[in-house]
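Chemist: Take this structure first; my questions come after.
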Amino acid sequence: MQIYQVERNDFCPCGSERKYKKCCLPAVEEATRAVGRAVGPNLTAYGKEVVNTLGFICGLKWDEGARPPEFERVGRLLKEAWEEEEEAMEEPGGERLDGISSRFAKLLREKPCLRLVRIPPDFLLEIEAHQETDEELKQCIEGVVSGLADDEDFVYSSIVDLAYSLHFDSFSDEELKALFTGLGWLVGKDTRYGFIEVVLSVTMEEFEEAMEKIEAFESSADEEDEAAVRELMDFLQENTVFGEYFYTKLLKDTVPAMRAIEEGKINLVLPLYAVLRGIYKYINEVLANLPRAFIKKVIDEDLFRFDWIGACLWEDGEAKYFLPEIFRVLSEHAGQEEDKSLAMALERLLFASQVGVVINNPDLIERLYLLCLYKFIDGMLTTLPGTEMNFNGLEDLLDEEKVARYAESLKEKGLEKEANYVLEQFRTLGREAKDKYDAGIAGMVKRLCIQG
Ligand SMILES: [Zn+2]
């Protein structure tokens, strides 16, 4: 029984988006055999489990820049780590064991990729909520530790994060031994508490430091000060867990603003070029494939299951045009909003979207992007922002001549790059969308826009 479960047909944990069996599985099998040979025969069930997990960790191929470890070295050091741990356990007082613990803790702090091995934000929030008395805190921490020990996602993601670090950080022999000891603790059900306690203590220490930084920033409340914002953003980027934690807390403050936007009380109007690719993609890939009943629920959580929004925004690069515009529009609205609390929520929304970019959590931005897309798709905007041109719904967005005129008007304003982007989007996706539209989707689209 493996502590991690990756099926042959699952997506490969290395992030290649290929199936495990067609990606890293053969390398994992080879690594497991090689590490096993280097460790030697006659292993206990637990020993075999550690070797299997280590083989998995060594075999993942990742992408460019990864340095696969040497299997022989890994096997030899694993064996040495076991021997040292065994000797340490025989010594009274447990000081040598503490030494091993603190070596592992030191790695967690110092190796850049091991910054991912931390207590997840939800658990931090839970601990934060139970600090009334020492007794309460102690009980909460015990609960968190045992909860994490049974939490398959935590165990699995920790293994994958250790693997990532093994391929991207550099380790001396001594450091590798400390890493393998930590891994061994994670693998054993009885020893997992040891692993979690070390991770927890490192997380809590850094957390206090992080909160001091964030509180100092917030009490100065000078979000205009670019250097201070930059410094905070750099810190959050390097310490993703705190970034996530901070972001989760921040999101609560943005709820009134998001609601006002969704209800149309705040009208986020972006230039067409900032969402054009999304519009064409929407027509091509989503509208054409979805059952009607589904499309009618215009802004629907389910829609976020489709990767196309993320792919369009990030991989296909529309974010380059979208982000500066959404940031600009949000700060304009915040500056003009008369309702003080809504203005504040808009400020927080702006800040949260910036943090989201920094910590690589795209949910909020994708949601804003989708809302802005719908402004056009729903036909709410007939005069293109910043132009005198009238666009009467989707048909005009698919009209080559009109789109060309729009690009021309951008050029006249000195927006050369944006103009070219618009033309390129029409050539690639717009024309395809037009063909589909002409081929009979037209009627359906029209009805949906009216009903929307
Ligand atoms: Zn892979």
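The values are calculated or read from the model by the stated rules, or taken from the named source; none is laboratory data. These numbers were taken from a predicted model, which means no experiment stands behind them. So basically every Cβ, Gly included, is an ideal-geometry build from the backbone, and we count neighbours across all protein chains shown.
Chemist: Within region 47-57, can you find the residues that are of a type in the set (A, V, I, L, M) and in contact (Cβ under 8 Å) with a residue 40 or more places away in the chain? Write out each step before concluding.
Modeler: Step one: of region 47-57, the residues of a type in the set (A, V, I, L, M) are 50-51, 54, 57.
Scanning region 47-57 gives 50, 54, 57.
Chemist: Same structure, new question: Among the residues in region 192-204, are any in the same structural domain as residue 98 (by TED's automatic domain parsing) and free of Cβ contacts under 8 Å to residues at least 12 places away in the same chain?
Modeler: No, that holds for no residue.
Chemist: If I ask for residues that are more than 14 Å from the ligand (Cβ to nearest atom), free of Cβ contacts under 8 Å to residues at least 24 places away in the same chain and touching a helix residue (DSSP H, G or I) at 6+ places or on another chain (Cβ under 8 Å), which ones from region 2-46 would you list?
Modeler: Matches in region 2-46: 33, 43.
Chemist: OK, next. State all residues of region 45-94 that are closer than 18 Å to residue 159 by Cα and among the charged types (D, E, K, R); if no residue qualifies, say none.
Modeler: 48, 49, 61, 63, 67
Chemist: Now, a different point. Restricting to region 121-147, give me the number of residues that are surrounded by 11 or more Cβ atoms within 10 Å (Cβ to Cβ) and out of contact with any Leu (no Cβ under 8 Å at 6 or more places or on another chain).
Modeler: Count: 15.
Chemist: Still on this structure, I have one more. Going by the structure shown, is residue 65 within 12 Å of residue 79 (Cα to Cα) and surrounded by fewer than 22 Cβ atoms within 10 Å (Cβ to Cβ)?
Modeler: Details: within 12 Å of residue 79 (Cα to Cα): no; surrounded by fewer than 22 Cβ atoms within 10 Å (Cβ to Cβ): yes.
Criteria not met by residue 65.
Chemist: Something else: Inside region 69-81, can you point out the residues that are surrounded by fewer than 18 Cβ atoms within 10 Å (Cβ to Cβ) and closer than 16 Å to residue 104 by Cα?
Modeler: 80
Chemist: Taking residue 61, is it modelled with pLDDT under 95, within 12 Å of the ligand (Cβ to nearest atom), under 29 Å from residue 311 (Cβ atoms) and more than 24 Å from the chain's Cα centre (by Cα)?
Modeler: So residue 61 does not fit the description; no.
Chemist: Considering only region 122-139, I want to know if a residue exists there that is within 16 Å of residue 192 (Cα to Cα), in the same structural domain as residue 67 (by TED's automatic domain parsing) and modelled with pLDDT under 95.
Modeler: Within region 122-139, none of the residues are within 16 Å of residue 192 (Cα to Cα), in the same structural domain as residue 67 (by TED's automatic domain parsing) and modelled with pLDDT under 95.
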